[in-house]
Amino acid sequence: MSVTVRVPAKVNVQLAVGGARPDGFHDLANVFLAVGLYDEVTVSPADELRITCDGPDAGQVPLDRTNLAARAAQKLAERHGLAPDVHIHIAKDIPVAGGMAGGSADGAGALLACDALWGTGASRAELLDICAELGSDVPFSLLGGAALGTGRGEKLRPLEVGGGFHWVFAVADGGLSTPAVYGEFDRLNEGVEVPEPVASQPLLDALAKGDPAALAATLSNDLQAAALSLRPSLADTLAAGTAAGALAGLVSGSGPTTAFLTVDAASAAKVAEALGASGTCRMARVASGPARGACRLG
Ligand code: C5P
């Protein structure tokens, strides 16, 4: 008996970041959009908790108990008085350490899969609660679609989306550490009064209308300057994507993946081809959103 769950990646169409809080986290106005790049998490009974992973970047995925998928299984088991003896296999297609919530996706996927395997019958609210304990982006991986995340990003309000958006993701060589990017944000803003993060109404309207030109005009990421400061070559990728005909480009979350919004699927294919040939990224992938959140396959 095994259970497989498919979980999407995300892009932040707005990431407004406030000043550092006493707990080290930052208050956010974080507009998430799930996109159709997926990891698949399969769980099956085993003698003890273990993780395996395959896919092009599998070598970069930690297979110990720091992996969010392992932590998800442990947390659910603990709450229900079970032993977390499960083999978790991750078929990885989301860029690793790329700012697309790949690790969070695996956490949400393992949680949903273990819930089904063990017949835990946890409510949606309990699952979301465990997700929030695992990490700021994990609840959204479970939810999918589009949502506004406040607090450290874990308090979600689902958003209306009036149509599909076509994206190209330029995957960089190597990852960026999320804490390092937030640390650089703090360094760049030292002595500056950082305003309260607020969701942009024109951006929410553009999402609700399904209007790519209007969304392109309102995309923003307050972590972009920090990601560019740590990885200046991302400026070349951003320039290559816009020169190739994207409506707009931005760093995805804490990076280093860059995301390009295009007018339609044909334009996305062209931009991906040009980016792939530009020598400014490791590869370019097309994906559209909104995509469905974590769901069981079969
Ligand atoms: O919540 P998560 O474990 O994914 O966060 C990883 C790191 O990113 C945190 O340790 C923190 O350095 C930074 N972070 C932050 N503010 C947030 C979310 C994450 O400073 N709202």
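Against the condition modelled with pLDDT under 95 and not in a strand (DSSP E or B), how does V96 come out, does it pass?
On the way: modelled with pLDDT under 95: yes; not in a strand (DSSP E or B): yes.
So V96 fits the description; yes.
Working only within segment 229-247, note down all residues that are among the charged types (D, E, K, R) and assigned to a helix (DSSP H, G or I). I'd like the intermediate steps shown before the answer.
First, pick out the residues of segment 229-247 that are among the charged types (D, E, K, R): 231, 236.
Correct list: D236 only.
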A214 passes all but one of the listed conditions (1) among the hydrophobic types (A, V, I, L, M, F, W, C); (2) closer than 17 Å to W167 by Cα; (3) crowded, with 22+ Cβ neighbours inside 10 Å; the exception is number (3)
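Go through the residues of segment 95-104 one by one and say whether even a single one is of a type in the set (V, I, T) and either touching a Leu at 6+ places or on another chain (Cβ under 9 Å) or within 20 Å of G151 (Cβ to Cβ) (or both).
Of all residues in segment 95-104, those of a type in the set (V, I, T) come to 96.
After this cut, where a residue has to be either touching a Leu at 6+ places or on another chain (Cβ under 9 Å) or within 20 Å of G151 (Cβ to Cβ) (or both) as well, the list is none.
No, segment 95-104 contains no residue that is of a type in the set (V, I, T) and either touching a Leu at 6+ places or on another chain (Cβ under 9 Å) or within 20 Å of G151 (Cβ to Cβ) (or both).
Filter segment 15-26 for residues that are within 10 Å of the ligand (Cβ to nearest atom) and part of a strand (DSSP E or B); which is nearest to E193 (Cα to Cα)? It would help to see each step written out before you state the result.
Applying the first criterion (within 10 Å of the ligand (Cβ to nearest atom)) to segment 15-26 yields 15, 17-18, 20-21, 23-26.
Remaining after also requiring part of a strand (DSSP E or B): 15, 17-18, 20, 26.
Values: L15: 18, V17: 12, G18: 9, A20: 11, H26: 14 Å.
That would be G18.
For (1) of a type in the set (A, V, I, L, M, F, W, C); (2) in a helix (DSSP H, G or I), each residue gets a yes or a no:
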{"residue": "P197", "(1), (2)": "no, no"}
{"residue": "A227", "(1), (2)": "yes, yes"}
{"residue": "G249", "(1), (2)": "no, no"}
{"residue": "E273", "(1), (2)": "no, yes"}
Read through the list (1) outside any strand (DSSP E or B); (2) at pLDDT 95 or above; (3) farther than 30 Å from R124 by Cβ, then give the number of the only condition that D173 fails. (2)
Residue count for segment 43-75, restricted to those that are out of contact with any Cys (no Cβ under 6 Å at 6 or more places or on another chain), touching a residue at least 24 places away in the same chain (Cβ under 8 Å) and closer than 22 Å to P139 by Cβ: 9
When A29 is evaluated against the numbered criteria (1) within 15 Å of the ligand (Cβ to nearest atom); (2) farther than 24 Å from R157 by Cα, which criterion, by number, is the only one it fails? (2)
Say we look at segment 92-136 and pick out the residues that are polar (S, T, N, Q) and under 17 Å from the mean Cα position of the chain (by Cα); which of these is farthest from the ligand (Cβ to nearest atom)? S104
Screening L148, L176 for residues that are crowded, with 19+ Cβ neighbours inside 10 Å, within 30 Å of A277 (Cβ to Cβ) and within 15 Å of the ligand (Cβ to nearest atom) leaves only L176
Limited to segment 225-267, what total is found for residues that are surrounded by 24 or more Cβ atoms within 10 Å (Cβ to Cβ), within 19 Å of R187 (Cα to Cα) and without any contact (Cβ under 8 Å) to a residue 60 or more places away in the chain? 1
Do we find a residue being under 21 Å from V171 (Cβ atoms), modelled with pLDDT of 95 or more and assigned to a loop (DSSP other than H, G, I, E, B) anywhere in segment 63-72? yes
Anything in segment 113-135 that is in a helix (DSSP H, G or I) and either among the basic types (K, R) or over 19 Å from K155 (Cα atoms) (or both)? List them, or say none. A113, C114, D115, A116, L117, W118, R124
Can you tell me which residue in segment 153-171 is nearest to the ligand (Cβ to nearest atom), limited to those that are within 15 Å of the chain's Cα centre (by Cα) and aliphatic (A, V, I, L, M)? L156
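The values are calculated or read from the model by the stated rules, or taken from the named source; none is laboratory data. The structure presented is a predicted model; accordingly, all values stated were derived computationally and were not measured. For neighbour counting, all protein chains shown are included, and Cβ atoms are generated from backbone atoms with ideal geometry for every residue, glycine included.
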